[in-house]
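Structure first, commentary second.
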Amino acid sequence: MIEWVNSILQGVLTGGLYALFATGLAIIFGVMRLVNITHGDFIVLAAFVALVVVEGTGVGPFVSLIAVIPIMAVFGYVLQRGVLNPTLGPDLLPPLLVTFGLSIVVQNLLLEVFSADSQRLKIGAFETLSINLTENLAVGVFPLIIFVTAVVLIFAIQLVFNRTSLGRAFRATSDDPVTAQLMGIDHSHVYGLAMALALVLVAIAGVFLGVRTNFDPSVGPSRLLFAFEAVIMGGLGSLWGTLAGGIILGVAQNIGAKIDPGFQILAGHIAFLVVLAIRPNGLFPRTRDD
Amino acid sequence: MTEATAQGRYSVIRSTRASRGGAVAGILLLLILAAAPWWADRATMRLLVEIFYILALAQMWNLLAGYAGLVSVGQQAFVGLGGYMLFALAIFTPVGAAWSIPLAGLIGAVVSLPVAFLVFRLRGHYFAIGTWVVAEVFLLGFAQIQTLGGGSGISLPVSVVRDIASSRSGRDAVIYLVALAVVICIIAIVYGLLRSRHGLALTAIRDSEEASASLGVDNFRAKLMIYIFVAFGTTAIGALIFLTKLRISPAAAFDINWTTTVIFIVVIGGIGTIEGPIIGTLIYFLLREPLAQFGTWYLILLGLVAVVIMLKAPQGIWGLVAERWDLRFFPVQRRLRFEPPD
């Protein structure tokens, strides 16, 4: 019994990381109706950037965020204004195929530069530190930090969206870019800022990923799928829903792994398909997807 | 089809000079290709077989994405399913390898119904990623089936291979002719479909979903029919692919690269035309031969070219050619010719 409780608990904490993966994807879709297929590869890219910073300067992975966050944010802004903005329009094909092509380019560039070897960001003994809840039940300090960070960041982004002029510009552009432009909002700039914000989250998620598991250039697509499943299960337009989606995915995967290690990822996908069959708009939808 | 009015005579033109000349050249080319077992060596025939099945896959994806607007990045689900159905039918039933190909296609069409039930709930971009999840489910699911080799895969039994033809050159010839037949059937069916009234509906959907719906096209039904048909074709092609490979594993069968390659081919050649995938396939293989040694750089180059084409010339290479010289070898459109009264 206690083993199952443990599986579920670990799953909830893993869900925090998935929610971080997913929030960036949800913001981009929310503001500009773009699904970035390169999202998972950007998470891996951020982990590699952190690796370079860590190896180059000798700082720890968390301190490396001081460099990784601005690098990814500027990269996101430039990419959005230079490459992705021209693809946005009534036709769905160009943004999809451009981000798909970029995904192949990023994966293979990483492969060329860093080889297919698996890498890890090391934080020393801290990584294995845990708190005993009861005699047989413990939670890792680091997974707990990831989960709390995810909750705090989602709360902060909700505040940005609801309370600031930037958030108002995001919401206005999302509702109607043409009218927003008439009101003096430059939507190209706003889209650039949204992508930059999404890549700030990607930078944090990438460093957490790199500390938590081994990574190599090929793991991006599966992170994209986890992020996507969390977004759809949670329901479009709701960041707290996205957190719930991430948790459901994490719990399903951990329960699957408990039954048979081969079922871990499969169980997550099946949970997603079941939610899709029963509640196509997700569990906590706020906007209608049309 | 001619209609006379007081103002003059209208007639609907459905062929072009290029299409009539192209038909003659095409038949000659087909005869030469059909005779390949008598003039080509083994390596050439293997390369041609690969070109045939990649071209067939490209035509299927183009029909799905270019005409029905269903951008799937999970078509490897059906490629892999076809491969596994070939192996399952050949190992567990008395059906021969050749008949397994259309049978696998039928199974693919049946399987595509519940898949469509799920992925059609996702719109636009999310549809694409949803199809990818389904392909992953297929991969992980088939890895659990121990009678089909589980995660490590399975080989086609020698007795099944011998059944195709007793000698190695005989087998090469049979597989070659089957591959040629498959690609010709696929292109002929796509061409016929696009020239029919269903094709008119699809072209309307491609150009504007709202306008086609307002003119009485049932968009959902048309898209579903195309999805099922493409699943049929893709699964059959998958069976053909793994007939040439003689060995299958989940990682090879459900490899995303089946879809990636085809997307690059269609985007570079020209999406939404029949000629585009043909041009794209030729370019892909012409570049691959000298550039394959660069491995990852070749993929980076293809990715960048696809991105640039999507940004600067989304109609692709054939789109530019057709626009510039008004050249159409597979005319699917109807043109109105008007002659004023004498």
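Miscellaneous remarks
- For the stretch B:1-159: rounded, prolate or oblate by the Cα gyration tensor [a/c cutoff 1.5]: oblate
- Full-stretch length increase - B:LYS312, B:LEU177 - with 0.36 nm per residue and alpha-carbon distance subtracted: 44.7 nm
- Rounded FRET efficiency, nearest 0.05, which uses the C-beta distance separating B:THR93 from A:ARG286 and R0 of 51 Å: 0.50
- Rounded to the nearest 20 debye, dipole of the protein assembly as shown from Cβ charges on Lys, Arg, Asp, Glu: 920
- GNM top mover of B:GLU275, B:GLU50, B:GLU210 - chain B, alpha-carbon springs below 10 Å: B:GLU210
- Within the stretch A:253-275, backbone nitrogen closer than 20 Å to the virtual label 7 Å beyond the Cα of A:ASN214 toward Cβ: A:257, A:261-266
- Top positive-direction residue, dipole computed over the stretch B:244-342 with Cβ charges, set B:LEU320, B:VAL332, B:VAL305: B:VAL305
- Summarising the label geometry, the points placed 7 Å from Cα in the beta-carbon direction at A:LEU133 and B:GLN7 lie 7.8 nm from one another.
- Across the stretch B:132-137, rounded Karplus estimates of 3J(HN,Hα) from the backbone phi angles (6.51 cos²θ - 1.76 cosθ + 1.60, θ = phi - 60°) give 5, 4, 4, 4, 5, 4 Hz, Gly and Pro being marked x.
- Debye intensity ratio I(q)/I(0), log10, chain A, q values 0.08, 0.09, 0.10, 0.15 Å⁻¹ (C-alpha model): -0.33, -0.42, -0.53, -1.20
- Cα-Cα P(r), the stretch B:40-255, percent of pairs per 5 Å interval: 1, 7, 15, 19, 18, 15, 11, 7, 4, 2, 1, 0
- In a reduced charge model with +1 at each Lys and Arg Cβ and -1 at each Asp and Glu Cβ, the stretch B:40-255 shows a dipole moment near 240 debye about its Cα centre.
- Principal-axis tilt of helix A:239-259 within chain A, Cα atoms, nearest 10 degrees: 30
- Inter-probe distance in nm under a simple model that places probes 7 Å from Cα toward Cβ, at B:ASP218 and B:ARG14: 2.4
- Calculated on C-alpha atoms, the gyration radius of the stretch A:59-199 divided by its Kirkwood radius gives an Rg/Rh of 1.07.
- Rounded to the nearest whole Hz, the Karplus-based 3J(HN,Hα) values (6.51 cos²θ - 1.76 cosθ + 1.60, θ = phi - 60°) of the stretch B:140-146 follow the sequence 5, x, 5, 5, 8, 8, 5, with x at glycine and proline.
- FRET efficiency for the pair A:ARG171 and B:LEU31, taken as 1/(1 + (r/R0)^6) with r the Cβ-Cβ distance and R0 = 51 Å, rounds to 0.20.
- Divide the volume of the convex hull around the Cα atoms of the protein assembly as shown by the residue count and you get 181 Å³ per residue.
- When each of the peptides A:257-267, B:258-268 is scored by the mean number of other C-beta atoms lying within 10 Å of its residues, the order from highest to lowest reads B:258-268, A:257-267.
- Label-point gap, in nm, between B:TRP325 and A:VAL178 - each point 7 angstrom along Cα→Cβ: 4.0
- Residue among B:PHE87, B:PHE117, B:PHE330 with the largest mean-square fluctuation in a Gaussian network model of chain B, springs linking Cα atoms under 10 Å: B:PHE117
- Top of A:ALA244, A:ALA227, A:ALA125 by mean-square fluctuation, Gaussian network on chain A, Cα under 10 Å: A:ALA125
- Helix B:97-119 vs. chain B, principal-axis angle (Cα, 0 to 90°, nearest 10): 70
- Charged-residue dipole, Cβ positions (Lys, Arg, Asp, Glu), the stretch B:244-342 about Cα centre, Debye nearest 20: 220
- Rounded tilt (10° steps) of A:93-114 against the dominant C-alpha axis of chain A: 50
- Kirkwood's formula applied to the C-alpha pairs of the stretch B:257-326 gives a hydrodynamic radius of 12.1 angstrom.
- B:THR44/B:THR147 FRET efficiency (R0 51 Å; Cβ-Cβ; nearest 0.05): 0.85
The numbers here are math on the coordinates, done by the rules we state, and not lab data. This is a predicted model, so every value here is computed, not measured. Every residue, glycine as well, gets a Cβ built from its backbone with ideal geometry; the counts of neighbours run over all protein chains shown.
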